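A.B. asks: This is the structure, below, for whatever I ask next.
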Amino acid sequence: MGVGKEIRLARLLNEKSGRLLAITMDHPITRGVLPGLEDIRGVLEKVCAGGPDAVTLQKGIARNWFQPYAGKVALIMKSTTYSIPYHPYYDTPVADVEEAVILGADAISVGMIVGGPEQAAQLTQLGKISKEADKLGMPLVAHIYPKGPMVTDSSDADRIAYAVRAGAELGVDIIKTIWSGSADTFQHVIDSCPAKVCLAGGAGGNELIDYLQLTRDGLDIGLAGVTFGRSVWGDAYPTAVVLALKALIHDDLSVDEAMAVYQAHAK
């Protein structure tokens, strides 16, 4: 690993725990302008006030509104996007590693959907981004989900294990993927991947405590962190959610203790 990538990874991963708490805020292209993201400047301020390790943004939002948080929160620049319902199985390239460097990002992020005819083109794109990221000393984060039209059960642990291993085979440093339904089955996913595995939160449940329990269950079997979105900025108190997740991920507190942190700051 080159020194540039080592330096950026050190800024990205928490010094105390070695884990990652990243908040994804790139949803408007993929799913529309969801409640909580209408005022991007306001919600970005609330999220960053909690002190996450990183936020994931598309380049336009990063260029125009991230600057106040530089040096306080790491920036992961998203370089692809899918879109529901227009192209749900293909994460198309919209940026490159050079742009991430220019923006001062600490990592570049690529999305990939496996399990469909679109997979081949996305694997090709991921391989190219991996080469460029290594050349310029940029950590590579990938959001890899087995959600293609050929996959009948996207929560199947074998399908998820294939997805994360594909990323590791192509040089991804940190892989975000979906939960398989239980700690026992997700252990297979973690064991199958030599890269760091983080958890997406889209299917975590309807209540904050569901996401906290999901996080705790994952951490107990070796999860490297989480990259949550809607469960954070969709909450009435995003700063409090970030603080609760930090308590779990970096201080190894229990779910009840993390919930108490949330309640203390939900104001």
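Since every read-out is calculated from the coordinates, none of them should be taken as a lab result. Because the structure is predicted, anything quoted here is derived from the model rather than measured. Methodologically, a virtual Cβ is constructed for each residue, glycine included, from the backbone with ideal geometry; neighbour enumeration extends over all protein chains shown.
A.B. asks: Alpha carbon centre of the stretch 18-34 versus the stretch 133-180: separation in Å?
C.D. replies: Between the Cα centres of the stretch 18-34 and the stretch 133-180 lies a distance of 16 Å.
A.B. asks: Mind listing the phi-derived Karplus ³J(HN,Hα) values for the stretch 222-236, rounded to whole Hz, using 6.51, -1.76 and 1.60 with θ = phi - 60°, and x for any glycine or proline?
C.D. replies: Running phi through 6.51 cos²θ - 1.76 cosθ + 1.60 with θ = phi - 60° gives x, 4, 8, x, 9, 10, 8, x, 4, 5, 9, 6, x, 7, 5 Hz.
A.B. asks: Continuing with the same structure: Nothing charged except the Cβ atoms of Lys and Arg (+1) and of Asp and Glu (-1): what's the magnitude of the dipole of the chain about its Cα centre? Round to the nearest 20 debye. Each step should come with its number before you reach the end.
C.D. replies: On the way: 24 positive and 31 negative charges, 142 e Å.
Value, rounded to 20: 680 debye.
A.B. asks: Restricting things to alpha carbons, tell me how big the stretch 163-228 is in terms of Rg and Dmax, in Å.
C.D. replies: Just the Cα atoms of the stretch 163-228 yield Rg and Dmax of 11.3, 35 Å.
A.B. asks: Which ordering of M138, M259, M150 is given by a fewest-first count of other beta-carbon atoms within 10 Å?
C.D. replies: On the way: M138 26, M259 18, M150 12.
Final ranking by Cβ density, sparse to dense: M150, M259, M138.
A.B. asks: Next question, about the same structure. Taking H as built 1.01 Å from N, whose amide H comes closer than 5 Å to the amide H of H143, not counting residues under 5 places away?
C.D. replies: Placed amide hydrogens put V110, G111, M112, K176 under 5 Å from H143.
A.B. asks: Which of K147/K196; K59/K131; K78/K267; K16/K131; K59/K176; K131/K196 have a Cα-Cα distance over 28 Å? Working shown, then result.
C.D. replies: Numbers: K147/K196 21 Å; K59/K131 20 Å; K78/K267 31 Å; K16/K131 30 Å; K59/K176 19 Å; K131/K196 19 Å.
Checking Cα-Cα distances, K78/K267; K16/K131 exceed 28 Å.
A.B. asks: What is the distance in Å between the Cα centres of the stretch 183-253 and the stretch 105-123?
C.D. replies: So the separation of the two Cα centres works out to 22 Å.
A.B. asks: Please list 3J(HN,Hα) in residue order for the stretch 89-101, calculated via the Karplus relation 6.51 cos²θ - 1.76 cosθ + 1.60 where θ = phi - 60°; whole Hz, with x for glycine and proline.
C.D. replies: Karplus-based 3J(HN,Hα) across the stretch 89-101 equals 10, 10, 8, 7, x, 10, 7, 9, 5, 4, 5, 4, 5 Hz.
A.B. asks: Related question: Have a look at the stretch 26-166 and give its Rg and Dmax from the Cα atoms, expressed in angstrom.
C.D. replies: Here Rg and the maximum Cα pair distance are 15.6, 44 Å.
A.B. asks: Show me, for the stretch 162-179, the HN-Hα J-couplings you get by feeding each phi into the Karplus relation (A = 6.51, B = -1.76, C = 1.60, θ = phi - 60°), rounded to Hz, glycine and proline as x.
C.D. replies: 4, 4, 6, 5, 4, x, 4, 4, 9, x, 6, 8, 9, 10, 9, 8, 9, 6
A.B. asks: While we're here: Going out from 0 in 10 Å bins, what whole percent of all Cα-Cα distances in the stretch 102-198 drops into each bin?
C.D. replies: 18, 48, 27, 7, 0
A.B. asks: Which listed residue (A247, P68, S130) has the Cα farthest towards the positive end of the charge dipole for the chain, taking +1 on Lys and Arg C-beta and -1 on Asp and Glu C-beta about the Cα centre?
C.D. replies: P68
A.B. asks: Between L253 and residues 5 or more places away or on another chain, which pairs have amide H atoms under 5 Å apart, with H built 1.01 Å from N, and which residues are they?
C.D. replies: Here L248 satisfy the definition.
A.B. asks: Compute the Cα gyration tensor for the stretch 173-267, then decide on rounded, prolate or oblate, letting a ≥ b ≥ c be the square roots of its eigenvalues: rounded whenever a/c is under 1.5, prolate when a/b is larger than b/c in the other cases, and oblate in all that remain.
C.D. replies: Numbers: a/c = 2.00, a/b = 1.78, b/c = 1.12.
In terms of gyration-tensor shape, prolate.
A.B. asks: I would also like to ask the following. Give the shape of the stretch 1-98 as rounded, prolate or oblate, defined through the alpha-carbon gyration tensor: a ≥ b ≥ c are the square roots of its eigenvalues, a/c under 1.5 means rounded, and otherwise the shape is prolate if a/b is larger than b/c and oblate if not. Don't skip to the end; give the middle numbers.
C.D. replies: Values: a/c = 1.97, a/b = 1.32, b/c = 1.49.
Oblate, since a/c reaches 1.5 and b/c is not below a/b.
A.B. asks: Which order results if V97, V189 are arranged by neighbouring Cβ count within 10 Å, fewest first?
C.D. replies: Numbers: V97 23, V189 28.
Lowest count first: V97, V189.
A.B. asks: For the chain, evaluate the Debye formula with one uniform point scatterer on each Cα (no solvent term) and list log10 I(q)/I(0) at q = 0.08, 0.12 Å⁻¹, rounded to two decimals.
C.D. replies: Summing over Cα pairs of the chain leads to -0.28, -0.66.
A.B. asks: Of G32, G51, A95, whose Cα points farthest to the positive end of the dipole of the stretch 3-265 (charges on the beta-carbon: +1 Lys, Arg; -1 Asp, Glu; origin at the Cα centre)?
C.D. replies: The Cα lying farthest towards the positive end belongs to A95.
A.B. asks: Indicate, rounded to the nearest 5 percent, the antiparallel portion of the DSSP beta bridges found entirely in the chain. Walk me through the intermediate numbers first.
C.D. replies: Details: 3 of 34 bridges.
The answer is about 10 percent antiparallel.
A.B. asks: Moving on. I need the shape label for the stretch 109-267. Rule: rounded when a/c is under 1.5, else prolate if a/b > b/c, else oblate, with a, b, c from the alpha carbon gyration tensor. The partial results should precede the final answer.
C.D. replies: Working: a/c = 2.02, a/b = 1.69, b/c = 1.20.
Prolate, because a/c is 1.5 or more and a/b exceeds b/c.
A.B. asks: What is the sum of charges, Lys and Arg at +1 and Asp and Glu at -1, for the other residues whose Cβ falls under 11 Å from the Cβ of G51?
C.D. replies: Working: positive: K72, K246; negative: D53.
Once all neighbours under 11 Å are counted, the net charge is +1.
A.B. asks: So how do F186, F66 line up by other beta-carbon neighbours within 10 Å, fewest first? Present the calculation step by step, with values, prior to reporting the outcome.
C.D. replies: On the way: F186 26, F66 21.
In increasing order of surrounding Cβ atoms, one gets F66, F186.
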